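Presented below is the structure to which this report refers.
The numbers here are math on the coordinates, done by the rules we state, and not lab data. Keep in mind that what you see is a predicted model, and the values were worked out from it rather than measured. With ideal geometry, Cβ positions are generated from the backbone for all residues, glycine too; neighbour counts draw on all protein chains shown.
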Amino acid sequence: MFFTGITLISFISFYDDIKSLPSRVRALVQLFSVAIIFYDLAIYSIFPWWGVVLAFIISVGIINAYNFMDGINGITGLYSIVVFGSFLYVNNNVVAFTDSDFLIFPIIACAIFLFFNYRKKAKCFAGDIGSISIAFWIIYILVKLVITTNSIAWLLFLAVYGVDSICTILHRLYLKQNIFKPHRLHFYQILSNEYKIDHRIVALLYAVVQGIVSLVTIMLYSKDNSVNIVVALIILLPLLFIYTAKFILIRNGSVYNKR
């Protein structure tokens, strides 16, 4: 089921890289692919209907957020290694929920990809097929872990991308912009494009911050979900505070004037 789902979503993403597709076509294939792995993971019998709907929204949101965040050299590869590495640590030391090879192989793949991508002038890029396929793989692993532990605390393994993506969408809605059109308002875009910080440094910064967040999540994880809520607040509030620095950078960098 996983292979079928990732093949479908990869094929449509690869085609979209070559020849742009309507957003509704991409969305339908993404929903269908997610539906396949949800069937494999027995989501429909485990979650209530509203839980299934919420799982679809979060999953498709993660897929597209991962794609939107793939904008500078190294960021997708480094961040993905941290995410899969976090899952691997949990699988080996906290609770076994999948075959370790299923986590090791994407780490190896990302490391090889970084050899060509983590450069000042990259020799290759992930494209939609790369970022979306990785996101799909992560969703499958994430849902398996959530079901095994009966906890959504592991969503924090995507906290850095999540805060940047959600807050940027809200910012663009406030500015009355079309959120489906290209833009330069992600935090990493402000740092790399407006302040000319080396892409590799910005990408490494995102990976390091997510690594710290993942470490804190693992250390403070509890079977009591009320404790996990407190942990989430402890982690998310500082990230939101850091994100607000973007507006100072925008003002100083005169991003709006450049538009």
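Structural remarks
- Nearest-20 debye value, the chain charge dipole, Cβ charges on Lys, Arg, Asp, Glu: 1120
- From largest to smallest, the equivalent ellipsoid semi-axes obtained for the chain from the alpha-carbon gyration tensor read 28, 22, 19 Å.
- Inter-label distance for S23 and F11, nm, one decimal - labels placed 7 Å from Cα along Cα-to-Cβ: 2.5
- Sequence-distant contacts, meaning Cα pairs under 8 Å at least 6 residues apart, place the relative contact order of the chain at 23 percent.
- Estimated 222 nm signal from helices in the chain, with DSSP H stretches of n ≥ 4 weighted -39500 (n - 2.57), rounded to 500: -24500 deg cm²/dmol
- Model label sites at K196 and I46, defined 7 Å from Cα along the beta-carbon direction, differ in position by 5.1 nm.
- Alpha carbon centroid spacing (whole Å) that separates the range 149-226 from the range 60-118: 15
- Förster radius 41 Å - calculated FRET efficiency between Q177 and I108 (Cβ-Cβ, nearest 0.05): 0.60
- Neighbour counts of other Cβ atoms within 10 Å put C124, C167 in the fewest-to-most order C124, C167.
- Dipole of the range 177-258, positive direction: furthest Cα of L185, L239, L205, with charges on the beta-carbon: L185
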